[in-house]
Amino acid sequence: MPFEVIFGAWVATGLTLFILTFLYEDNPLFKIAEHLYVGVSVGYAIVKTYDTVVIRLIYEPMVKQGDWSLLVPLVIGSLMLARYVPKAAWMSRIAFAFVVGVGSGLAIPRVISSYILKQIEDTVRPLVSLATDGSTTFTYSLLDPASNLNAIVLLIGVVSVLFYFFFSVEHTGPGKVVARTGILFLMIAFGAAFGYTVMARMSLLIGRLSDLIDYSHPEYGRATWWLLAVTIATLIAFRARRRGTEPPQ
Amino acid sequence: MSLAERMLSIDRRIIFLMIGLCTLIPLLYPVGLAIKVSPEVKSVYDYIESLPAGSVFLLSLDFDPASKPELYPQAVALMRHAFKKNLRVIGMTLWLPGTGMANEVVSRIAREEGKVAGKDYVFLGWSPGGGSVIINMGQDLYKAFPTDYNNQPTRDLAVLNGVQSLRDVNYVVSLAAGTTGIETWYVFGKDKYKFELGGGCTGVIAPGLYPLLRSGQINGLIGGLRGAAEYEVLIGKKGKAVAGMDAQSATHFAIILLVILCNVFYFSIRTSGKTAGQH
């Protein structure tokens, strides 16, 4: 196995174990891993951005291919840096105005179309279906999202939740029943979201533990076992040292 | 102090240890619980299955290493399926921190499936802008990505023959850990350039994407590690996702048990408190 793969496995194992020590208590090993994560992420982002944006998208097309039209976005983008010069800080507003203007112009029509119109179109569904002979039919299956029964559930859910967030009318009498129904729908939605979140977090734990199991094999030099021993020994040493420095009760 | 009170004030590290063991033991000794394929995952599979050889499949790996356990197995399964169907694969990412990992998964799976870079697949890398990149690709793919990740001019690549913009792409799947991701691909891509779009996502953002699935804005959704396991079952190549399903079930069972126990202890304390108050 190549050295860089084994080295990578040792680094990944060590950092995973250091991060997991936080479940026991906050400690310097966790801090090291946390700071490394932030530092490496920022360093990687800077290098990749410089390589992609400055070199590949600006320098090479301009200098090698003579596409000098790129000077326009380059100048507008550079105006952002004017914020660091107090006397010229106003010039950065031109760049920000450009970004906000273009961003809004691009996003607003598309977002209205995709999130509002399309979703309304899907929400407003017929409560009964027309058969080919002209008669009406009603499907009762709760498991089929397109059934008529589910269209009614959807209608009740949308109306009651919208009413719950309508604060201009006091929620009393029949209004209270509708608002309570809205809360019920919201609770079910939050429950589903929480369930999925738990599943996602457990998946992350499964991913890390799978890697730790893989890296405990002899081809990786039993990285997990060695680093687990080092981590536990270090934690014990830190705890002993802290006890020694703590003032007596 | 009663048993219920003691249990409710238990050291949380014991719970961490319990969850850790519930995850670790099934990983070491798998049971092989059955995995049922959901219709939303099957839709993605069926669409790729229906594409003729040589069709263009774009996989956007819009996630970073923090979401690797959930989305990496999805990427592996999708790439294997696309290569098995002899599709022309375009890999890319809208997430800067995930660039290296995305390149690694695309090139590794291609190598394992005997595919050649530039001829059977290309990894375009990352370009800044999120939605703007998609719009740019919809107008001219070569302006958005003049070179691929390995700095090869994209116009010279055989894999992109006949592909001028997103309109020439048969199927796009975005594997997303948040925004920029599936919604961005829909809003700035599918809605305008009319290609078919599927999605894969982390469990956290899955509930927010079901409205898009129901309205037909995306044709399928692979949700979390569970979705990846279902896709592995469909392609008949069980990998890390299937291996993790026993652990997932065990931890879910443990969490449900803990929630029930906590409620039982809570209500028993409340009931005993009321009884004591009456006396």
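Annotation note: of A:207, A:195, A:191, the sole residue that is within 13 Å of chain B (Cβ to nearest Cβ) and loosely packed, with under 14 Cβ neighbours inside 10 Å is A:191.
Taken together, the criteria exclude residue A:45 from residues that are assigned to a helix (DSSP H, G or I), within 13 Å of another protein chain (Cβ to nearest Cβ), surrounded by 15 or more Cβ atoms within 10 Å (Cβ to Cβ) and of a type in the set (A, V, I, L, M). State all residues of segment B:177-225 that are at the interface with chain A (Cβ under 7 Å from one of its Cβ atoms) and part of a helix (DSSP H, G or I); if no residue qualifies, say none. Those that are at the interface with chain A (Cβ under 7 Å from one of its Cβ atoms) and part of a helix (DSSP H, G or I): B:186, B:187, B:188, B:191, B:206, B:207, B:211, B:214, B:224, B:225. Residues that are closer than 27 Å to residue B:205 by Cα, touching a residue at least 24 places away in the same chain (Cβ under 8 Å) and part of a helix (DSSP H, G or I): does segment B:25-36 have at least one? Scanning segment B:25-36 turns up at least one residue that is closer than 27 Å to residue B:205 by Cα, touching a residue at least 24 places away in the same chain (Cβ under 8 Å) and part of a helix (DSSP H, G or I).
The numbered conditions (1) crowded, with 23+ Cβ neighbours inside 10 Å; (2) more than 12 Å from chain A (Cβ to nearest Cβ); (3) under 25 Å from residue A:200 (Cα atoms); (4) modelled with pLDDT of 95 or more are all true for residue B:137 except (3).
Considering each residue of segment B:154-173 in turn, none proves to be hydroxyl-bearing (Ser, Thr, Tyr), modelled with pLDDT under 95 and assigned to a loop (DSSP other than H, G, I, E, B).
Only one of the listed residues (B:62, B:11) is away from chain A (no Cβ under 14 Å), acidic (Asp, Glu) and either closer than 26 Å to residue B:248 by Cα or touching a Phe, Trp or Tyr at 6+ places or on another chain (Cβ under 7 Å) (or both). That residue is B:62.
Does any residue of segment A:9-24 turn out to be out of contact with any helix residue (DSSP H, G or I) (no Cβ under 8 Å at 6 or more places or on another chain) and assigned to a helix (DSSP H, G or I)? Within segment A:9-24 (the criterion being out of contact with any helix residue (DSSP H, G or I) (no Cβ under 8 Å at 6 or more places or on another chain) and assigned to a helix (DSSP H, G or I)), the answer is yes, since at least one residue qualifies.
The values are calculated or read from the model by the stated rules, or taken from the named source; none is laboratory data. Small disclaimer: the values here were computed from a predicted structure and weren't measured. Every residue, glycine as well, gets a Cβ built from its backbone with ideal geometry; the counts of neighbours run over all protein chains shown.
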